[in-house]
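One structure is given here, and the rest of the page talks about it.
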Amino acid sequence: MEKDIHRFLLDRVADLLGKPGVREELTVASSLADEGIDSVMLVNLIVQIEQKYEVFFEDDELLAENFMTVEQITKQILEKLSIEA
């Protein structure tokens, strides 16, 4: 499941950035801010996560430090899925 989430997130981030070849450069440890993800793109990504995995992020969870890398976001998703399962 973790690898599937990584793949989904890396694909979505690459789509949001819209830069040719960026998908091949991204890793689960890449800083999304350094790659060019801004707050609007991050909100878009969070909405896609909530729809895909049927999870909901509370306002107090929507901190930039919780969404800095694909690895951190994956951890958040897995925690939500284990709580809601």
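The values are calculated or read from the model by the stated rules, or taken from the named source; none is laboratory data. Note that the structure is predicted; figures quoted are calculated from it, not measured. So basically every Cβ, Gly included, is an ideal-geometry build from the backbone, and we count neighbours across all protein chains shown.
Give, as residue ranges, the helices (runs of 4 or more DSSP H) completely inside segment 16-85 that count at least 2 residues that are within 16 Å of Glu2 (Cβ to Cβ), of a type outside the set (Lys, Arg) and at pLDDT below 95. Write out each step before concluding.
On the way: elements: 22-25, 32-35, 39-53, 70-84.
Here the list reads 70-84.
What pairs come up if the first residue lies in segment 36-49 and is within 16 Å of Lys19 (Cβ to Cβ), the second is surrounded by 12 or more Cβ atoms within 10 Å (Cβ to Cβ), and their beta carbons are under 6 Å apart, counting only those six or more places apart or on different chains? Listed by first residue and then by second, the contacts come to Gly36/Leu17; Met41/Leu16; Leu45/Arg12. The number of residues in segment 51-85 that are charged (D, E, K, R), more than 18 Å from Val40 (Cα to Cα) and surrounded by fewer than 17 Cβ atoms within 10 Å (Cβ to Cβ) comes to 6.
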